[in-house]
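Colleague: Got a structure here, written out as structure tokens. Questions coming.
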Amino acid sequence: MAVSAGVISQELVYRVAYEANKRAAIAVPKDGLAAFEKAFARETKPLARFVLGQVLENAKLAVADERPMCGDTGLPRYYVKVGNTARLEGGFVALERSLRQAVADVTHDIQLRANRVHPLTRRNPGNNVGVFAPNVDYSFEPDADWLDITAVHKGGLFGTDYRMLFPADGVDGIKRFLLDTLAEFGRRGLSCPPVVIGVGLGGTKDQCMRLSKEAACLRVTGDRHPDPEVRALEDELVELANRTGFGVMGVGGDTTALDAHIEIAYTHTGGVPVAVSQFCTAYRRATARVSAGGEVEFRDDPVWFTPYYRREGIG
Amino acid sequence: METLRPREWHLKAPLSQGDNGKLRPGDIVYLTGPTYTARDGAYRRMLVEGHEPPVDLRGLTNVTMQSSPAGVEVAPGVYHVSSLQATAGFRYAQYMPALLERFGVKAVISKAGMTDEVRQRVFRHHGAVSLSTVGYGLGAIYGRAIERVLGVYWVEELGISEAIWVLQVKELGPLLVEGDAEGNGFFAQANEEINERLAQVYQGLKPPVFRRIGEEQGPKREPF
Ligand code: SF4
């Protein structure tokens, strides 16, 4: 059945979500490839260099063969940005149904690992769909009638941690916590470095965790926060992480972090919640925009952190 | 810049004692022959609950992989794997004595290898080696090396992600020798260097006002 003009059809949402998941599983986005190439070019340790060379080769073969880039295909999830005036056939309930269906179908067709199981019984439905799975997170954008769908297949059981600091701990506290997290998970490559580090700073505890993951997964390498103090700290954290010398897989090497992104949120005056997430070597993300007219455009940069999303005032 | 490549071996499974004797930590191995996957579910069923394995694993090969491939049933009883990768090995340390003893395993492929203690006590005793996938996620490269899925067992009992997959592989690699048959470990050496650097990067950063339980063990120790 045709939908009225300016309404985004569910059939299209399904197709775009399907394609986004397929791309995420298989193809390292351009910004990721560039970062891996840079790491390879500057690596001075022979074993680390050999492994980084293999990572680049793997990225090529995955695309050539249409195979998932890592045998652990992670947990498929979505970030959906909705234009304020976008109209969806069947509304958000239909949207979520399409998104869930796409994960189930891609799991079968691309042969993703069925990773999602019941946490107690370990029952596996076999399609990466279940209670609260896949996650769907939303944000909104003013003066827009389009729909952005980003699929992320985040890998790594490990690599994420949270703690509450006191304001007196300052930047030292943040740096130490990052080092603690890297030391805990980077040594045997539990987090599979080189990683993109995402730091959530401030907000409430749950916000802080969420922001750290979004910072790790939804900003392209090289991107910097608009706040000059935050962006300076981003540079410092990359440098700090790389001075540890864990390197790829923790075998000892020059690049442990491809980049570091920090997202801040206003927080309780008495504390500094901080969370660290790590986007592993399986750098899996794909974004597409569906216009109100039904055109579809895939792009590299999710542009998730818009000025509106990070807004400070009331409006 | 050092351009040295690691030493490289192309070996056939089942592995011979001679094969294992040649390998040193940091070497790279490519394996051809049969192997089977096993992880939490299969270990528990075979080694804790005492079920007989669904096929004669010991007779088949002496190489096992701690993995759950990304694969599906394409027709009833016919399976295909797209991508392959191993999971963190240290968490299965408790199962290694029984696994090596009962199934005659001589090589365990994991992600990042075994604990020092198990490598020295169990692997050395059996002349077994611990191999690690690299990357760690070279799923497409490892997936390509699968020539055939010989069988998938215990899908009903354990679910597809914990089942035993018997695979015929060709030049499965690169795999890093993480532990040799004499108990020497790659990460034990690599960590010494890293720990020195780590001590330097922590220098000058004041510890937080409020510590967390367990934090005092220090960042040099591996937390397992
Ligand atoms: S952490 Fe990432 S690269 Fe490592 S095994 Fe998991 S998905 Fe693959």
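We did not get these values from a lab; they are worked out from the coordinates using the rules stated. These numbers were taken from a predicted model, which means no experiment stands behind them. Counting neighbours? That spans all protein chains shown, and the Cβs are built from the backbone with ideal geometry, glycine included.
Colleague: Taking the Cα centre of each part, how many Å lie between the stretch B:1-45 and the stretch B:61-76?
Modeller: Cα centroid to Cα centroid, the span is 17 Å.
Colleague: What's log10 of I(q)/I(0) for the protein assembly as shown at q = 0.09, 0.10, 0.11 Å⁻¹, Debye sum over Cα points only, no solvent?
Modeller: -0.66, -0.81, -0.98
Colleague: Let me ask something else about it. Over the stretch B:1-81, how many percent of alpha carbon pairs lie in each 10 Å bin up to the one with the longest distance?
Modeller: P(r) for the stretch B:1-81, in whole percents per bin: 14, 34, 32, 16, 4, 0.
Colleague: At 20 °C and 1.002 mPa s, what whole-number value in µm²/s does Stokes-Einstein give for the translational diffusion of the stretch A:157-279, with Rh from the Kirkwood sum over Cα pairs?
Modeller: On the way: Rh = 13.9 Å.
Estimated diffusion coefficient is 154 µm²/s.
Colleague: Based on alpha-carbon atoms only, what is the radius of gyration of the stretch B:8-193 relative to the globular estimate 2.2 N^0.38 Å? Intermediate values should be presented prior to the final figure.
Modeller: Numbers: Rg = 15.2 Å, N = 186, 2.2 N^0.38 = 16.0 Å.
Computed over Cα atoms of the stretch B:8-193, the ratio equals 0.95.
Colleague: Of the options B:213, B:126, B:35, report the single residue whose Cα projects farthest towards the positive end of the charge dipole of chain B (beta-carbon charges: Lys, Arg +1; Asp, Glu -1).
Modeller: B:213
Colleague: When you look at the Cβ of every residue in A:43-51, what mean number of other chain Cβ atoms sits within 10 Å?
Modeller: Working: counts 2, 2, 5, 7, 10, 1, 5, 8, 8.
Per residue, the number of nearby Cβ atoms from other chains is 5 on average.
Colleague: Hey, what's the per residue convex hull volume over the C-alpha atoms of the stretch A:193-265, in cubic angstrom?
Modeller: Working: hull volume 5.8 nm³, N = 73.
Looking at the stretch A:193-265, the number lands at 80 Å³ per residue.
Colleague: Another question about this same structure. Given the C-alpha centroids of the stretch A:102-140 and the stretch A:252-278, what is the distance between them in whole angstrom?
Modeller: Each part's Cα centre sits 28 Å from the other's.
Colleague: Compactness ratio of the stretch A:1-97: Cα Rg over 2.2 N^0.38 Å, N = residue count?
Modeller: Working: Rg = 18.9 Å, N = 97, 2.2 N^0.38 = 12.5 Å.
Normalised Rg, Cα atoms only: 1.51.
Colleague: Also: For residue B:22, list the aspartates and glutamates whose Cα falls under 17 Å from its own Cα; do not include residues on the same chain fewer than 8 positions away.
Modeller: B:8, B:178, B:180, B:182
Colleague: In a shell of Cβ-Cβ distance under 11 Å around residue A:233, excluding residue A:233 itself, what net charge do Lys and Arg (+1) and Asp and Glu (-1) give? Don't skip to the answer; put the middle values down first.
Modeller: Values: positive: A:175, A:224, A:231; negative: A:227, A:229, A:234, A:235, A:236, A:239.
It works out to a net charge of -3.
Colleague: Express the C-alpha Rg of the stretch B:177-224 as a ratio against the empirical globular expectation 2.2 N^0.38 Å, rounded to two decimals. It would help to have the intermediate numbers written out before the result.
Modeller: Numbers: Rg = 14.4 Å, N = 48, 2.2 N^0.38 = 9.6 Å.
Rg over 2.2 N^0.38 Å, computed on Cα atoms: 1.51.
Colleague: Quick one, what does Rg over Rh come out to for the stretch B:88-224 if you take C-alpha atoms and the Kirkwood Rh?
Modeller: Radius of gyration over Kirkwood radius for the stretch B:88-224 works out to 1.06.
Colleague: Send over the semi-axes of the stretch A:199-240's equivalent ellipsoid, whole angstrom and largest first, taken as the square roots of 5 times the C-alpha gyration tensor eigenvalues. Intermediate values should be presented prior to the final figure.
Modeller: Details: eigenvalues 64, 29, 18 Å².
So the equivalent ellipsoid measures 18, 12, 9 Å along its semi-axes.
Colleague: Same structure, new question: With the cut-off at 1.5 for a/c, could you classify the stretch A:13-69 from its C-alpha gyration tensor as rounded, prolate or oblate?
Modeller: Numbers: a/c = 4.39, a/b = 2.41, b/c = 1.82.
Prolate, since a/c reaches 1.5 and a/b exceeds b/c.
Colleague: Hey, got the dipole for chain B? About the Cα centre, +1 on K and R Cβ, -1 on D and E Cβ, debye to the nearest 20?
Modeller: Numbers: 25 positive and 26 negative charges, 54 e Å.
That gives a dipole near 260 debye.
Colleague: Taking the Cβ of residue B:144 as the centre, find all other residues whose Cβ is under 14 Å away and add up their charges (Lys, Arg: +1; Asp, Glu: -1).
Modeller: Values: positive: A:60, A:67, B:148, B:170; negative: A:57, A:65, A:66, B:147, B:171.
In short, -1.
Colleague: Count charges around residue A:138 for me, please; just the other residues with Cβ under 14 Å from its Cβ, Lys/Arg as +1, Asp/Glu as -1. Could the numbers behind the result be given before it?
Modeller: Numbers: positive: A:77, A:81, A:210; negative: A:96, A:137, A:141, A:148, A:214.
Result for the local shell: -2.
Colleague: Compute the whole-percent fraction of alpha carbon pairs in chain A spaced more than 33 Å apart.
Modeller: On the way: 12635 of 49455 pairs.
Cα-Cα pairs of chain A separated by over 33 Å account for 26 percent.
Colleague: Checking the table A:38/A:60; A:38/A:154; B:12/B:170; A:81/A:213; A:213/B:111; A:175/B:206 against a 18 Å threshold on Cα-Cα, which pairs fail?
Modeller: Details: A:38/A:60 16 Å; A:38/A:154 22 Å; B:12/B:170 9 Å; A:81/A:213 16 Å; A:213/B:111 24 Å; A:175/B:206 10 Å.
Violating the 18 Å limit, Cα to Cα: A:38/A:154; A:213/B:111.
Colleague: Continuing with this model, one more query. With θ taken as phi - 60° and the coefficients 6.51, -1.76 and 1.60, list the Karplus ³J(HN,Hα) couplings across the stretch B:45-52 in order, rounded to whole Hz; mark glycine and proline as x.
Modeller: So the J values, rounded to whole Hz, are 5, 7, 9, 9, 7, x, 5, 5.
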